[in-house]
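The values are calculated or read from the model by the stated rules, or taken from the named source; none is laboratory data. This one's a predicted model, so the numbers in the text were calculated from it and none came from an experiment. Glycine gets a Cβ as well: all are built from the backbone with ideal geometry, and neighbour counts include every protein chain shown.
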Amino acid sequence: MPDPHHQIDTHIRVVTPENIGFEYRVASPFERLIAYLLDTLVMGITIFLLSLIIMFTTGMVGLPEVGMGAWLIVTFLITWFYGGFFETYMNGQTPGKRAMGLRVVRTNGGPINAGQAVLRNFLRVADGLPTWSIFIPTYLVGLVATSLNTRYQRLGDLACGTMVIVEERTLASRFNEMKDVMLTPIENMLPLDAMPSRSLAKAISQYVDRRRYFGPARRAEIARHVGEVFAEKYNLPQGIDYDALLCVLYRRTFLSHQEEELVEELPLPPPPRPITGPNVPRDFEIPQAPTQ
């Protein structure tokens, strides 16, 4: 008899280039539909307001034909480039996706680039087929495509190697990730200029983002590979808590002073839930800092 939990499970496992396994929850078609409707509302309001401004301005100078041309250009740009623009500059999110807590990422868990953001939104036209009454898309093609794969990828996602995930994270949860470790002693050991490189900062961010899924032993094992580099560089004592060290570096790199003040006001998180399933590869290669 099939496992009912397996049938409704929308979590997928991704192993990053650093050989760390992360678990993501794939956004359901319903969640993506709500985000799309919100984005459609934003586009409609934006086009309406800009239309009023254009028509009023060109009408004042007696150039209604110019106003109509400008309106067509604005409508075209917003309709075709809204999604690609926001997903490029908001790291895989549009206003609608942000409101729903969704984000577009590569299938390997990495951030998308501008080409992927633009192309996946251009291909929305194909996902919208067939149309009803010429102008209204039915999205039957996209619905069929999402139902045929476990990542709920539509045609645009399949072509670009992307997927939409649910960010089960809030600002408070970022602090909760580090509430169970003692950061102050290690903070005092590190020089003020001790900051990770850009590539290492990305690896540290991924680790802190998912450390709640690991047990203490697995945390220590993963954090040691990066932590040893800093411990040796800054002459930190042997046996230092590498998990706490990475949390300190994360806080220095990503959290502002005002956000740090909120840490003391937050409650303790529940015990971390280790990921179940096949073992994650144990080898961890330290990302190289980008050349100047």
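Confirm whether R98 is closer than 23 Å to G128 by Cβ and within 27 Å of the chain's Cα centre (by Cα).
Working: closer than 23 Å to G128 by Cβ: yes; within 27 Å of the chain's Cα centre (by Cα): yes.
Taking the combined requirement at face value, the residue satisfies it.
Residues that are surrounded by 15 or more Cβ atoms within 10 Å (Cβ to Cβ) and within 18 Å of R98 (Cα to Cα) within the range 34-55 comprise I34, A35, Y36, L38, D39, V42, M43, listed in sequence order.
Yes/no matrix, rows are residues, columns are (1) among the aromatic types (F, W, Y); (2) in contact with a Gly (Cβ under 8 Å, 6 or more places away or on another chain); (3) crowded, with 18+ Cβ neighbours inside 10 Å; (4) modelled with pLDDT of 85 or more:
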position	(1), (2), (3), (4)
N149	no, no, no, yes
Y152	yes, no, yes, yes
T170	no, no, no, no
S173	no, no, no, no
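List the helices (runs of 4 or more DSSP H) that sit entirely inside the range 1-118 and contain at least 1 residues that are in contact with a helix residue (DSSP H, G or I) (Cβ under 7 Å, 6 or more places away or on another chain), modelled with pLDDT of 90 or more and not aliphatic (A, V, I, L, M). Break it down into steps so the answer makes sense when it comes.
Numbers: elements: 4-8, 29-60, 64-89, 95-100.
In the range 1-118, 29-60, 64-89, 95-100 are the helices (runs of 4 or more DSSP H) which contain 1 or more residues that are in contact with a helix residue (DSSP H, G or I) (Cβ under 7 Å, 6 or more places away or on another chain), modelled with pLDDT of 90 or more and not aliphatic (A, V, I, L, M).
Residues that are surrounded by 17 or more Cβ atoms within 10 Å (Cβ to Cβ) and of a type in the set (S, T, Y) were ranked within the range 70-91; the one that is nearest to the chain's Cα centre (by Cα) is T88. Search the range 92-133 for residues being touching a residue at least 40 places away in the same chain (Cβ under 8 Å) and hydrophobic (A, V, I, L, M, F, W, C), and hand back the single one that is surrounded by the fewest Cβ atoms within 10 Å (Cβ to Cβ). Restricting to residues being touching a residue at least 40 places away in the same chain (Cβ under 8 Å) and hydrophobic (A, V, I, L, M, F, W, C), the top hit is A99.
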